[in-house]
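The values are calculated or read from the model by the stated rules, or taken from the named source; none is laboratory data. The structure displayed is predicted, hence computed values, not measured ones. Here the Cβ positions follow ideal geometry from the backbone for every residue, glycine too, while neighbour counts run over all protein chains shown.
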Amino acid sequence: MKRLKPVDVVIVGAGWTGMTMAKELATRTSLNVVVLERGPERKTSEYMAQMDELDFGRRRRMLQNIAEETVTHRHTLRDRAAPVRQHGPFYPGTGTGGAGEHWNAVATRFPADSFVLATHLRERWGAAKLPPNHRIQDWGITYDEIEPYYWKTEQMMGINGKAGNLRGKLIDGGNIFEGSRSHEYPNPPHKRTYAMNLWEKAVRELGYHPYPRPAATLSVSYTNPDKISRPGCAYCDFCNMYGCMIEAKAQPTNTLLPLVRDRKNFELRNHCWVRRVLHRDGKAEGVMYMDQSGEEVEQPASLVVLSSWTMNNTKLLLLSKIGDLYEPLTGKGTLGANLTHQVRAAGGAGRIVFKEVLNGFMGAGGQGLGLDDFNGPNGLPEDGSILRGGTFSGGGGGGSPLSSFGSMPPGEAPRNWGSQWKKAAIQWWDRIGGGGGYSGEHLAYKHNFLDLDPTYTDKWGDPLVRMTIDWTEHEHRQSRFAGEVLVKLTDAMARVAGGKVLPGGGRGRGDGRYRTDRYNSTHVQGGVIMGASPEASVVNTYLQHWRMPNLFVVGASAFPQNSAMHPTVTGVALTYRAADALVERYFKNPGALA
Ligand SMILES: Cc1cc2nc3c(=O)[nH]c(=O)nc-3n(C[C@H](O)[C@H](O)[C@H](O)COP(=O)(O)OP(=O)(O)OC[C@H]3O[C@@H](n4cnc5c(N)ncnc54)[C@H](O)[C@@H]3O)c2cc1C
């Protein structure tokens, strides 16, 4: 093994969380910071020729190569897990910027009560009403403590939106269900699509409160507090699964990397696949990785930060034997516990045939409206049969050529062939759309967790991460309830548009078991959860390992359970908070921060 010169800080993974930490530490201290990233370099110039839906959207060029590493899945302890051999329920990123390069940039905060969910649910319903096998936990911090870091993240990314709760004052037109914000968004909301106007009218007629979804695709040209300038979005709609060719979409490569790349105390090493955290006597000593040539390298470091996303943060701790493995049968241990994903709406609410064209070829990542009238505790059945809801969205642009072409009302043409079909496809492709989308909060359960697979290995021979996860009756109820709301929204949208809803679409059908053969969201949480005590969590609220003070583990792996909202802004905000604690306290006096 090659042994390198020691460095002050080694960071594993160059996504949003790793690069946020790197930028904070390298610019606010003189420590030398090395980031190890298993994937390739990425830069804006290479995104110029990327509007190739087949290559990027369908063949998923920017994602992790799952022939080299994937996960295995089983529904219960009794099952044998099988490897997920196609990009399925989530899309892990790789390379500089991680999934933050090809994310869709919906940039939401979590509702205030998410952070004290266990307390909130117990107070509202009584402990007896919670599912018997739940592992719902408070995060150990409150919304008010994280709020300044949300604001810092929003400024860094240039998030656009409209406040619905400004210093406690509710404002119609924004999300009136959000936690209190100290500031209005840095930028005004995106331009509106025709479909957004229709959706707004439809849901307002139903008495709900739509708001512009916050997005990290700039609505106008913007210079952030770090003096990074980026142009407003051109609405080309190649966001989700693509890097932005004009840098309107906030990505680690256009907001954070430029601030550190030329610094003498910063180094980003690509094609370095970390396999172990090295440690002795309760102290991290560095990491072991494979370099591009396949050589084993030891990088000694005084501080180790894992920012390799939910799966690999957990995997690296498991492989390195740091912490107590969670045991689902006894409930002992914490490492691997509280795996959560996101709940989908049941069935299909149906597609709407519009009278007017939608101009769906234009749009921006995150553009659209949100609706939180059923999010968190809002609008749910009074009997407590559903403890948490989810967020709806609608009216966003989007309809890339391959995904939208060929949609048409039934009976217009023989299926998928011939000149009649081509004619009908051209006539209809831009007149068919949905009445909304949904993502629901997923509670934490004892039976959903991560550990190492006993059979399958990655390309280096290390065990894969095994997911044990399934939906419970609670998620089925959430899912059916959301499906019914979506039907209402879709029918209202069709009415307002003077369109009609296509028959079929599986209305009312349940969502079945947890599936690995279709996309859910890349919002997978847990495994290395944070909390107020070492008995209940792996890291403290500064994301510092309880047992190893010079090891920090950042990202959504720390979330004790999921919110329905998108996770990235929360992940970055918590990283800023951890970085503050490192700079202001830890480096002055290394040791436990909590
Ligand atoms: C298509 C898509 C759309 C999305 N849309 C949204 C959205 O609209 N809103 C939202 O909030 N979130 C969205 N997400 C999720 C969002 O991208 C992630 O929450 C965010 O990027 C996570 O940042 P991270 O730094 O924690 O992890 P990542 O971005 O996954 O970065 C981790 C990095 O670590 C590297 N790594 C992993 N293991 C190792 C190892 N052993 N050695 C070295 N390096 C390693 C990886 O290659 C990767 O670059 C989306 C994701 C996808 C894929």
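Checking each residue in region 270-290 for being in a loop (DSSP other than H, G, I, E, B) and within 11 Å of the ligand (Cβ to nearest atom) picks out Asn270, His271, Cys272. Quick one: in region 67-102, which of the residues that are out of contact with any strand residue (DSSP E or B) (no Cβ under 8 Å at 6 or more places or on another chain) and either among the aliphatic types (A, V, I, L, M) or crowded, with 23+ Cβ neighbours inside 10 Å (or both) is nearest to Gly437 (Cα to Cα)? Among those residues, the one meeting the criterion is Gly98. All but one of (1) away from the ligand (no atom under 16 Å from the Cβ); (2) modelled with pLDDT of 95 or more hold for Cys236, so report the exception by its number. Checking Cys236 against (1) away from the ligand (no atom under 16 Å from the Cβ); (2) modelled with pLDDT of 95 or more, the one that fails is (2).
Yes/no matrix, rows are residues, columns are (1) in contact with a Ser or Thr (Cβ under 6 Å, 6 or more places away or on another chain); (2) more than 7 Å from the ligand (Cβ to nearest atom); (3) modelled with pLDDT of 95 or more; (4) not acidic (Asp, Glu):
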position: Glu68; (1), (2), (3), (4): no, yes, yes, no
position: Thr76; (1), (2), (3), (4): no, yes, yes, yes
position: Gly98; (1), (2), (3), (4): no, no, yes, yes
position: Ala107; (1), (2), (3), (4): no, no, yes, yes
position: Phe110; (1), (2), (3), (4): yes, yes, yes, yes
position: Leu117; (1), (2), (3), (4): no, yes, yes, yes
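Could you check Glu123 against (1) of a type outside the set (Gly, Ala, Ser); (2) within 25 Å of Leu593 (Cβ to Cβ); (3) more than 14 Å from the ligand (Cβ to nearest atom) and say which number it fails? Exception for Glu123: condition (2). Taken over region 287-296, the residue count meeting the criterion of being in contact with a Cys (Cβ under 8 Å, 6 or more places away or on another chain), under 13 Å from Trp460 (Cβ atoms) and not acidic (Asp, Glu) is 2. Residues in region 568-594 that are surrounded by 23 or more Cβ atoms within 10 Å (Cβ to Cβ) and either within 11 Å of the ligand (Cβ to nearest atom) or of a type in the set (Asp, Glu) (or both): Thr568, Val569, Thr570, Gly571, Val572, Leu574, Thr575. Which members of region 30-74 meet the condition of being in a helix (DSSP H, G or I), free of Cβ contacts under 8 Å to residues at least 60 places away in the same chain and not charged (D, E, K, R)? The one that is in a helix (DSSP H, G or I), free of Cβ contacts under 8 Å to residues at least 60 places away in the same chain and not charged (D, E, K, R): Ser45. When Thr541 is tested against (1) at pLDDT 95 or above; (2) not in a loop (DSSP other than H, G, I, E, B), exactly one condition is not met: (2).
Looking at (1) in a loop (DSSP other than H, G, I, E, B); (2) touching a residue at least 12 places away in the same chain (Cβ under 8 Å); (3) under 30 Å from Ala118 (Cα atoms), which is the only condition Tyr438 fails? Every condition holds for Tyr438 apart from (1). Scanning region 1-35 for residues that are surrounded by fewer than 24 Cβ atoms within 10 Å (Cβ to Cβ) and either closer than 22 Å to Pro92 by Cβ or of a type in the set (Gly, Ala, Ser) (or both) yields one hit, Ser30. Report yes if some residue within region 314-322 is part of a loop (DSSP other than H, G, I, E, B) and closer than 27 Å to Arg477 by Cα; otherwise report no. Within region 314-322, not a single residue is part of a loop (DSSP other than H, G, I, E, B) and closer than 27 Å to Arg477 by Cα.
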